[in-house]
Amino acid sequence: MHDPNCIFCKIIAGQIPSKRVYEDEEIFVFHDIHPWAPVHFLMVPKLHIPSMAQLLPSHEALLGRMMVLAPKLAVEQGCGPYPEGGFRMVCNTGAQGGQEVHHLHIHVMGGPRPWAKG
């Protein structure tokens, strides 16, 4: 399923340029254009799922793959390994949850911060 009006569907289709981090048959990962941290990328399923609230049991394997992929990509992109390093994952859901683009996406943020201890 693809939504022709969805900005993330357009990015996945290559209609809007992005700085790709990773891609396979089900997942597209790209750098956030307004990063909140030294490392900040978005993980999106290629299947247009509006939000976490629309997940079905059939999506379990896809979301599981995304969760397993996140730490690997975070380290590759510059986050230190656990436990000294680390990263944060955020998935806003719905308008009251702060979701601005209604295509399921997970922000992965981290990396060295000059003000952090360690």
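The values are calculated or read from the model by the stated rules, or taken from the named source; none is laboratory data. The structure presented is a predicted model; accordingly, all values stated were derived computationally and were not measured. Neighbour counts are summed over all protein chains in view; Cβ atoms, including those assigned to glycine, are modelled from backbone coordinates with ideal geometry.
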State whether one or more residues within region 25-42 are crowded, with 18+ Cβ neighbours inside 10 Å, in a strand (DSSP E or B) and in contact with a Gly (Cβ under 7 Å, 6 or more places away or on another chain).
-> yes
Which of the residues that make up region 53-83 are part of a helix (DSSP H, G or I) and exposed (fewer than 14 other Cβ atoms within 10 Å of the Cβ)?
-> ALA53, GLN54, PRO57, SER58, GLU60, ALA61, GLY64, MET67, VAL68, LYS72, GLU76
Taking GLN99 as the residue in question, decide whether it is under 17 Å from ASP3 (Cβ atoms) and either in contact with a helix residue (DSSP H, G or I) (Cβ under 6 Å, 6 or more places away or on another chain) or modelled with pLDDT of 95 or more (or both).
-> yes
